[in-house]
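K.L.:
I have a structure here, written as structure tokens, and I will follow up with some questions on it.
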Amino acid sequence: MVLYILDYSLIDLTFSENEASHTGIDSGVGTMHDLLTLIQAAHIHQASVYHWNSGFSNIAHNIFDVPTTTYPQIL
């Protein structure tokens, strides 16, 4: 994925360096960290190589009303 940001002064970005995992041993702490980060976000931008984008960040949008912008599938 390539993300171009023209004016960094207008944007406060947070990146998680947790290894992506949905289930399994020791995945709970990283997943909880990411969820807590998402529900505190002012806005979520979804970009994905999949047409359904991110079901995980949709949780923050649907349950906690975090505003979300979804972009078309990135190839």
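The values are calculated or read from the model by the stated rules, or taken from the named source; none is laboratory data. Since the structure is predicted, the reported quantities are computational estimates derived from the model, not experimental observations. Note that each Cβ is placed from the backbone with ideal geometry, even for glycine, and that neighbours are counted across all protein chains shown.
K.L.:
Which pairs do you get when a residue that is over 17 Å from residue 32 (Cβ atoms) and in contact (Cβ under 8 Å) with a residue 40 or more places away in the chain, found in region 50-74, comes within reach of a residue that is of a type outside the set (Ser, Thr, Tyr) and not in a helix (DSSP H, G or I), reach meaning Cβ atoms under 7 angstrom, with the pair 6+ apart or on two chains?
P.N.:
Pairs found: 74/1; 74/47; 74/49.
K.L.:
Confirm whether residue 51 is modelled with pLDDT under 65 and in a loop (DSSP other than H, G, I, E, B).
P.N.:
Details: modelled with pLDDT under 65: no; in a loop (DSSP other than H, G, I, E, B): yes.
Criteria not met by residue 51.
K.L.:
Another question, if that's okay. What number of residues in region 25-48 are in a loop (DSSP other than H, G, I, E, B) and not β-branched (Val, Ile, Thr)?
P.N.:
Adding up the residues that qualify gives 8.
K.L.:
Filter region 5-48 for residues that are modelled with pLDDT under 80, surrounded by 10 or more Cβ atoms within 10 Å (Cβ to Cβ), hydrophobic (A, V, I, L, M, F, W, C) and farther than 20 Å from residue 69 by Cα and give the result.
P.N.:
20
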